[in-house]
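What follows is a set of notes on a single structure, which appears directly below.
The numbers here are math on the coordinates, done by the rules we state, and not lab data. Note that this is a predicted model, so its numbers are computed, not measured. Here Cβ is always computed from backbone atoms with ideal geometry, including for glycine, and neighbour counts include all displayed protein chains.
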Amino acid sequence: METLLLTEKETEQAARLLRGGRLVGIPTETVYGLGADGLNPMAVRAIFQAKGRPQDNPLILHIPEAGWLERYCRDIPPAAWTLAERFWPGPLTMVLSCKRRTARELEELKNSPVCSRTHFGPRVIPDEVTAGLDTVGMRCPAHPLCRAVIAAAGVPVAAPSGNTSGKPSPTSARHMLADMEGKIDAVLDGGPCAVGVESTILDLTCTPPRLLRPGGITLEQLEEVLGEVAVDVAVRRQLGEGERPRAPGMKYRHYAPRAPVTVVKGDPERAAAYIREHLSRTRWDGVICFEEFLPLFTGGDVTRPVMSLGPAADKAEQARRVFDALRAMDGTDVKRIWCQCPDDGGLGLAVANRLNKAAGFHIVGV
Ligand code: TXA
Ligand code: MG
């Protein structure tokens, strides 16, 4: 299959492909997504195949406006509307209860002519999207091209991050093509992603609401609106044998380049010094460090892959760069990767979470 690279002017074509049950790489403000019509079970199945994604990992649905929540969700708590008003369109995914069909609606469906877009399950969203859960993740993205495509397609778009399962998420059309060329119909180029890490996932089916994945909206921002917010244990540490995360995707090895990663956490000066001390004197060790410390690792007689995460104090820049830095290491022949890491404040929680997962939680404190 040839994968078309579409430009802004070809948004309509991207929407037509989605409506026709095809897969399209779509830009969002967080990361690129691998989109399909979220009401078409066959199209959604194709997402899992293209990514190599485990079947038990549900997808989130992208909608053009908060008003669409009522089409697909039930028992929507008032907090969901408050959050939508404050943070949508934007990098927040809310987990809500799925709307169910009445017995009569189900009966009517069964008597209607069968078409490939129809599914007969008890929930209005196909089980292919929710992995059979009774809840669904809903997100209203902010990227103008993304919004235009969803509005033109007129359907909720199911989209996981557009990477091959387990790899760092794509933050440019180039990343998206690197993983999906030949496997999907098109990629819509919307430029580099402004946020760079995925959306924050908040479960609103429990009290207090629970942060399942840190992302573009910070924990502090959520607390400001909601008061108390619980933080799922899977956000900060690796789960033990038999422990089940509430976001099924959090249990998988993720974001990982080929070479093993060691995260060195703590005061930036001390962390940089630690890495410098433990770095092998060969070119087989790669480094991802804050901008200020680049001179410590470049120059000298060994040329090794070194990527900047951006300035130590600029977490927004670190979020934009983190996946590109991890991906860049796969373009080299490094055998080990050392990595600096921000503290957990603000966007640091999301950046640190991605780095820690890339490292399989192999973290050294200094
Ligand atoms: O920013 C984002 O959220 C991007 C862009 C494309 O919108 N999408 C994204 O999707 O990151 P994905 O599939 O890579 O990550 C979604 C996560 C997975 O870990 C999944 O397990 C979790 O959300 N998830 C989806 N539905 C859920 C549900 N009903 N309950 C709990 N977790 C859910
Ligand atoms: Mg993902």
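Quick one: net charge around Gly137, please, counting Lys, Arg +1 and Asp, Glu -1 for every other residue with C-beta under 12 Å from its C-beta.
Working: positive: Arg139, Arg213, Arg246; negative: Glu198, Asp203.
Within the 12 Å Cβ shell, the charges total +1.
Order by neighbour count: Met94, Met1, Met250, Met42, fewest other Cβ atoms within 10 Å first, most last.
Working: Met94 30, Met1 10, Met250 21, Met42 14.
Ordered by Cβ neighbours within 10 Å, fewest first: Met1, Met42, Met250, Met94.
Determine the principal axes of the Cα atoms in the range 50-117, then give the extent along each, sorted from largest to smallest and rounded to whole angstroms.
42, 34, 20
Quick one: length gained pulling Met1 to Asp330 fully straight, 0.36 nm per residue minus the C-alpha distance?
115.9 nm
Around Phe293, with a cut-off of 15 angstrom between Cβ atoms, what is the net charge of the other residues, counting Lys and Arg +1 and Asp and Glu -1?
On the way: positive: Lys265, Arg270, Arg276, Arg304, Arg321; negative: Asp267, Glu269, Glu277, Asp285, Glu291, Glu292, Asp314, Glu317.
Result for the neighbourhood of Phe293: -3.
Using a cut-off of 19 Å between alpha-carbon atoms, which aspartates and glutamates can reach Lys265, once sequence neighbours fewer than 8 places away in the same chain are excluded?
Correct list for Lys265: Glu277, Asp285, Glu291, Glu292, Asp314, Glu317, Asp343, Asp344.
Answer rounded, prolate or oblate for the range 13-161, using the Cα gyration tensor with square roots of eigenvalues a ≥ b ≥ c: rounded when a/c is under 1.5, else prolate when a/b is larger than b/c, else oblate.
Details: a/c = 1.57, a/b = 1.13, b/c = 1.39.
Since a/c reaches 1.5 but b/c is at least a/b, the shape of the range 13-161 is classed as oblate.
If I model a spin label as a point 7 Å beyond the Cα along the Cα-Cβ vector, how far apart are those points for Ala131 and Glu228 in nm?
Distance between the two pseudo-spin positions: 2.8 nm.
Evaluate Rg over Rh across the range 14-102, taking Cα atoms for both radii and Kirkwood's formula for Rh. Intermediate results must be reported in sequence, preceding the final value.
Working: Rg = 14.1 Å, Rh = 14.6 Å.
Dividing the radius of gyration by the Kirkwood radius yields 0.97.
Distance cut-off 29 Å, Cα to Cα: go down the list Lys335/Lys357; Lys110/Lys183; Lys99/Lys183 and report the pairs above it. All intermediate terms of the calculation are to be shown ahead of the outcome.
Working: Lys335/Lys357 18 Å; Lys110/Lys183 33 Å; Lys99/Lys183 32 Å.
Checking Cα-Cα distances, Lys110/Lys183; Lys99/Lys183 exceed 29 Å.
How high is the relative contact order of the range 1-49? Use alpha-carbon pairs under 8 Å, at least six apart in sequence, and give a whole percent. Provide the component values of the computation, followed by the final result.
Numbers: 43 pairs, mean separation 12.3, N = 49.
Computed over the range 1-49, the figure is 25 percent.
From the phi angles alone, apply the Karplus equation (6.51, -1.76, 1.60; θ = phi - 60°) to the range 224-231 and give each ³J(HN,Hα) in whole Hz, x where the residue is Gly or Pro.
4, 8, 9, x, 7, 10, 7, 10
Roughly how many debye, to the nearest 20, is the charge dipole of the range 31-97 about its Cα centre, given +1 on each Lys and Arg Cβ, -1 on each Asp and Glu Cβ, and no other charges? If you can, show how the numbers build up before the last one.
Details: 6 positive and 6 negative charges, 47 e Å.
Charge dipole, the range 31-97, about its Cα centre: 220 debye, nearest 20.
Rg and Dmax of the chain over Cα atoms: what are they, in angstrom?
Values for the chain (Cα only, Rg and Dmax): 20.9, 75 Å.
Taking amide H atoms as placed 1.01 Å from N in the peptide plane, list the residues 5 or more away in sequence, or in a different chain, whose amide H sits under 5 Å from that of Gly310.
Glu291
Mind checking the angle between helix 144-153 and the chain's longest principal axis? C-alpha axes, 0 to 90 degrees, to the nearest 10.
Orientation of helix 144-153: about 30 degrees from the principal axis.
May I ask you to derive the FRET efficiency for Asp343 and Asn111 from their Cβ-Cβ distance with R0 = 56 Å, giving the value to the nearest 0.05?
On the way: r = 59 Å, r/R0 = 1.06.
It comes out at approximately 0.40.
In nm, to one decimal, how far is the Ala151 label point from the Arg101 one, both placed 7 Å along Cα→Cβ?
Result: 3.1 nm between the two label points.
Return the ratio Rg/(2.2 N^0.38 Å) for the range 100-255, where Rg is computed over Cα atoms only. Provide the component values of the computation, followed by the final result.
Details: Rg = 18.3 Å, N = 156, 2.2 N^0.38 = 15.0 Å.
Ratio of Rg to 2.2 N^0.38 Å for the range 100-255: 1.22.
Taking the highest mean first, how do the peptides 129-136, 195-202 order by number of other beta carbon atoms within 10 angstrom per residue? Don't skip to the answer; put the middle values down first.
Numbers: 129-136: 18.8, 195-202: 26.6.
So the order, starting with the most tightly packed, is 195-202, 129-136.
Can you run phi through the Karplus equation (6.51, -1.76, 1.60; θ = phi - 60°) for the range 74-80 and list ³J(HN,Hα) in whole Hz, with x for Gly and Pro?
Once rounded to whole Hz, the list reads 10, 6, 6, x, x, 4, 5.
Using the Karplus curve 6.51 cos²θ - 1.76 cosθ + 1.60 with θ = phi - 60°, what ³J(HN,Hα) values do you get for each residue of the range 174-184, in whole Hz, with x for Gly and Pro?
Residue by residue, the range 174-184 yields 4, 4, 4, 5, 4, 8, 10, 4, x, 9, 10 Hz.
Near the amide H of Val187, under 5 Å away, which other amide H atoms are found, from residues 5 or more places off or on another chain, if H is placed in the peptide plane?
The list, which skips near neighbours in sequence, is Leu4, Leu5, Leu6, Gly25.
Quick one: net charge of Lys99's neighbours, Cβ under 11 Å, K/R +1, D/E -1?
Working: positive: Arg71, Arg74, Arg100, Arg101, Arg123; negative: Glu70, Asp75, Glu105, Asp134.
Taking every Cβ under 11 Å from that of Lys99, the sum is +1.
Hey, could you grab the Kirkwood Rh for the range 218-269? Inverse mean 1/r over distinct alpha carbon pairs, Å, one decimal. Working shown, then result.
Working: mean 1/r = 0.0711 Å⁻¹.
For the range 218-269, the Kirkwood estimate is 14.1 Å.
Collect residues whose amide H, placed 1.01 Å from N in the peptide plane, falls under 5 Å from the amide H of Val364; neighbours closer than 5 in sequence don't count.
Counting only residues 5 or more places away or on other chains, the set is Val263, Val264, Lys265.
Mark the label point 7 Å from the Cα of Asp267 along Cα→Cβ and return the residues of the range 342-366 whose backbone N is within less than 19 Å of it.
342-345, 364-366
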